[in-house]
Amino acid sequence: MMLQTIFNAGHKALKATMVEFGGWEMPVQYAGGVIQEHLACRKHAGLFDVSHMGRFIIEGADALPFLQHVLTNNADALDVGESQYTIISDEDGFAIDDAYLYRFVKEQYLLVVNASNREKDWHHFQDKAAAFTDLRLTDRTDEMAMLSLQGPEAKRIVSGLITKGELPMPMRNKLGQVAIGQADIFLARTGYTGDPLGFELFIDNKDAVSTWDALIEKGASPVGLGARDTLRLEACLPLYGHEFGLDSDGQPIPIFACPLARFAVSFSPRKKDFVGRNALSRQFDCFKRILDEDFHDLAALPRVIVPVAVSGQGIARQGYPVSKDGRHIGTITSGTMVPYWETEGEGLFSWFSDKVEKRAIALALVDADTLQGDILEIRIRKRTAEAVVVPYHLRAEAPPQARAIRWDRLGVEIPPLAKKQAAKEKMAGLIQKAIENTRWRQRECINLIPSEQTASVFSRMLSIMDPAGRYAEHKKVKAFHDHDVFYYQGTGFVQEVENLLNQEIMTFLGCRNVESRVVSGQMANTAVFSALVDYLNRADRKREQRRIRKIMNNHILGGGHLSAQPMGALRDFVARDPQTEKPAVVSFPTCPGNLYKIDVAACESLIRQHQPELIILGKSMTIYPEPVAQLRRMVDEAGLKTILMYDMAHVLGLAGPHFQEPFKEGADLVTGSTHKTFFGTQRGIVAGDIAPDSPNYLLWEAIERRAFPGSVSNHHLGTMLGLLAAAYEMNHFKDGYQRQVLANARAFAKALADLGMDVAGEAADGYTHTHQVIAHVGYAKAPAVAERLEENNIIVNYQATPEDEGFTASGALRMGVSEMTRFGMREVDFQELAQLLRDAVKGSATVKQAVTDLRQKFVRMRFCFDDDSRLDGLLDQLYRLL
């Protein structure tokens, strides 16, 4: 008799077509059919009964060594609340099964295996377990139900049912524990459909049916095994018996034939001599050569699995032969016709229409020298259909949807050539458009983008004076007592400007060192990271430089700067953690109930545990000061030589007694952009308060070297001159400007909250301590809201919150008051703006003219010398020189 899951009666009540699968009676489809279920999952949410899959609990002191031995991935990389895809290998590097390993609690691991392989896997594990003393293996398949909820509506459905706990961090493979009603549930951000939003739920049988019913009632559509297969195929995910196991000739398929193997196999020294290591190492060597299109000596990996799109007529099925140029090169491992939603619109503002199309796609095991773009022939019964090797069938990096990618739409669309025009006409058209754009941005729009600032007229005019376009490379030479040597003549004025600029920044920040040649905040950070690597390797100049061993920062999902992430400027300078095999970056914990604030108390144990060589403070989504003094104390008490760096890109212009003074609080270095809250042209700075006799002065010298010649040659001398003018303005007007910015931000935040908008921060604390105001407008709705506001002449920045999966799923508006404060707006004006913004966001009101009318009152810049009578005539002289 077939086994039955706890949901069997419910499937039959929904008129599911039941079939045998892996020894279980399972629904292959419901009344609506496979196509409808596939489409429902991609556009809404699909609910799958996956309780037929095996669930093993592994416990005991030897649980980790056992898993390291029998699985291909590095189980030691999993912290509590994390999971990973893995493979069960035999000694010859072939897959016994593929699986998913979860660590919901510290004391145990949960391994999910394929239903058809459960008994085989269990016996394999029992055989291997004999070598481990303190190990307990338990098969929980019969007591623990498992559901999978996948699709763009999955998050809404789950979050609306949670009665205790919170969703896991919005990253794949993160785990959490929640309650739905009275049911305690292990919740994982995993799934096997390729959707960017997906959850798997592990539930005791007694609560399983009620949980299923609650998910259905909230809008989930039941989906059977048929659509589960088409969804995983569209995502190019392997299935045992197709991409793993035996090929059509009865030969075992090497694990590295599957592209996912590079994520599922680890050769970490922590794994020691695991099952199949030597064979997999040989396969991996071949895999690397194949990526380099080096096809010699591929005995360990003669064939690989590639996505194939049928460009001719017909459907490719498993086992169909594949040829190239008349030569047999392999077979189809999985293939069928799959439906997809057509889209309307372009880019970020495209959406699924109601039109459905179909396409024939497949995965094929073919000779390893087969390349993307190759034209193949698939033998379909008595005829041949043409096909093409493609990189993928689906893309999921723009949550909340996964989007089908047709083979004939790959690549960049080239717009048609503009009609032929004479150069003079082109120039006239360009000038006219620039005039119109400037008038619109400076006379009709209210700009609330917190990373932007309009420089004063004097600053802008000086930026295009003669130093612009010149060179002034220079560096200090110790033989001349650290005097700068310039490599070009005619640079006396530039040298004076640079020295004066550095002095103004030192005065502003209260520090002893400034490097102003970097031309962006990102470049400033890169120069620091590069310099720190150089400094850490100062004793050994002959071997390969080691990278920074451990770094603490604000995670990008918590508003951290992109440049302080492994995906950004840190990429080439941070080491890999030998345990996790990921970049050695530890994110600051955030406060429960306020994800925008660092949990300072929780940082102390992390600092002592990880002993970071660099701590990076600062955010691009910032409403609070950073805990510089507290972290300085923790570092010092731990006896560490950690460099404490504050990336003040967004709040540089607020530095001072009204906000925070980083060097007084213990920062070693400050980096920043000079054009956000600071008044300047678009550049960057690195600042330090390091005495020449300090051991860290060698780091400062390395920073100067990594600025030039490490980062720049021509350091944009025109904008440097404009920045000097801005620095004069900032040091003169900063007290009144900073007070007004902070007052305006709080008034704006409170007004929005009073109007019913969901403003981040704490009401009792004034919502914000910076120039920024963050308003939540609904999951994945922020891009459309920002577009609507632009149509009404309010320019804002949509932003992913700490609970969103990415920028395309942004649920917040990030707004800043600094630029409009400089144009004279005060608290009462921001209260008026709040009403206009709310009307545009919440209702269908068109407020464009009202916004323009409000802006007309604020077109003359304040906190600058543009209208100072003492400088009368100088602006005219600048104009006449152009």
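Details
- Set 812, 834: member being open to solvent by less than 20 Å² (accessible area, probe 1.4 Å), under 23 Å from the mean Cα position of the chain (by Cα), among the hydrophobic types (A, V, I, L, M, F, W, C) and closer than 28 Å to residue 739 by Cα: 812
Matching residues to (1) touching a helix residue (DSSP H, G or I) at 6+ places or on another chain (Cβ under 8 Å); (2) modelled with pLDDT of 95 or more:
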| site | (1), (2) |
| --- | --- |
| 280 | yes, yes |
| 284 | yes, yes |
| 287 | yes, yes |
| 296 | yes, no |
| 307 | no, yes |
| 315 | no, yes |
| 335 | yes, yes |
| 338 | yes, yes |
| 342 | no, yes |
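- Within region 274-304, restricting attention to residues that are assigned to a helix (DSSP H, G or I) and of a type in the set (Phe, Trp, Tyr), the residue that is surrounded by the most Cβ atoms within 10 Å (Cβ to Cβ) is 287.
- Out of 461, 465, sole residue that is part of a helix (DSSP H, G or I), open to solvent by less than 50 Å² (accessible area, probe 1.4 Å) and in contact (Cβ under 8 Å) with a residue 60 or more places away in the chain: 461
- Residue-level check: of (1) touching a residue at least 24 places away in the same chain (Cβ under 8 Å); (2) open to solvent by 80 Å² or more (accessible area, probe 1.4 Å), residue 847 misses just (2).
- Residue in region 55-63 that is open to solvent by 30 Å² or more (accessible area, probe 1.4 Å) and small (Gly, Ala, Ser) present: yes
- Screening the candidates 322, 338 for the property of being open to solvent by less than 50 Å² (accessible area, probe 1.4 Å) and farther than 22 Å from residue 228 by Cβ yields one hit, 322.
Rundown of residues vs (1) surrounded by 18 or more Cβ atoms within 10 Å (Cβ to Cβ); (2) touching a Gly at 6+ places or on another chain (Cβ under 8 Å); (3) in a strand (DSSP E or B); (4) of a type in the set (Asp, Glu), yes/no style:
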position	(1), (2), (3), (4)
544	no, no, no, yes
552	yes, no, yes, no
557	yes, no, no, no
563	yes, yes, no, no
566	yes, no, no, no
571	no, no, no, no
579	no, no, no, no
586	yes, no, yes, no
596	yes, yes, yes, no
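- Candidates 630, 611, filtered to the one that is surrounded by fewer than 19 Cβ atoms within 10 Å (Cβ to Cβ) and touching a residue at least 60 places away in the same chain (Cβ under 8 Å): 611
- For residue 412, the criteria (1) modelled with pLDDT of 95 or more; (2) surrounded by fewer than 19 Cβ atoms within 10 Å (Cβ to Cβ); (3) under 28 Å from residue 291 (Cβ atoms) hold in every case but one, which is (1).
- In region 181-268, counting only strands (runs of 3 or more DSSP E) that sit wholly within it, the ones holding 1 or more residues that are within 22 Å of residue 29 (Cβ to Cβ) span 198-204, 221-223.
Okay, residues lined up against (1) more than 30 Å from residue 798 (Cα to Cα); (2) part of a helix (DSSP H, G or I):
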{"position": "420", "(1), (2)": "yes, no"}
{"position": "425", "(1), (2)": "yes, yes"}
{"position": "435", "(1), (2)": "no, yes"}
{"position": "439", "(1), (2)": "no, yes"}
{"position": "471", "(1), (2)": "yes, no"}
{"position": "494", "(1), (2)": "yes, yes"}
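- The listed residue being in contact with a Leu (Cβ under 9 Å, 6 or more places away or on another chain), surrounded by fewer than 17 Cβ atoms within 10 Å (Cβ to Cβ), part of a helix (DSSP H, G or I) and not acidic (Asp, Glu), out of 878, 854: 878
- Hits in region 668-679 (condition: within 15 Å of residue 525 (Cβ to Cβ) and either part of a strand (DSSP E or B) or open to solvent by less than 10 Å² (accessible area, probe 1.4 Å) (or both)): 669, 670, 671, 672, 673, 674
- Residue 682 meets the conditions (1) surrounded by fewer than 24 Cβ atoms within 10 Å (Cβ to Cβ); (2) within 18 Å of residue 772 (Cβ to Cβ); (3) in contact with a strand residue (DSSP E or B) (Cβ under 9 Å, 6 or more places away or on another chain) in every case but one. The failed one is (2).
The values are calculated or read from the model by the stated rules, or taken from the named source; none is laboratory data. This one's a predicted model, so the numbers in the text were calculated from it and none came from an experiment. Neighbour counts are summed over all protein chains in view; Cβ atoms, including those assigned to glycine, are modelled from backbone coordinates with ideal geometry. Note: accessible area is taken over every heavy atom of the protein model, side chains too, but ligands, DNA and RNA are not part of it. Shrake-Rupley method; radii C 1.70, N 1.55, O 1.52, S 1.80 Å.
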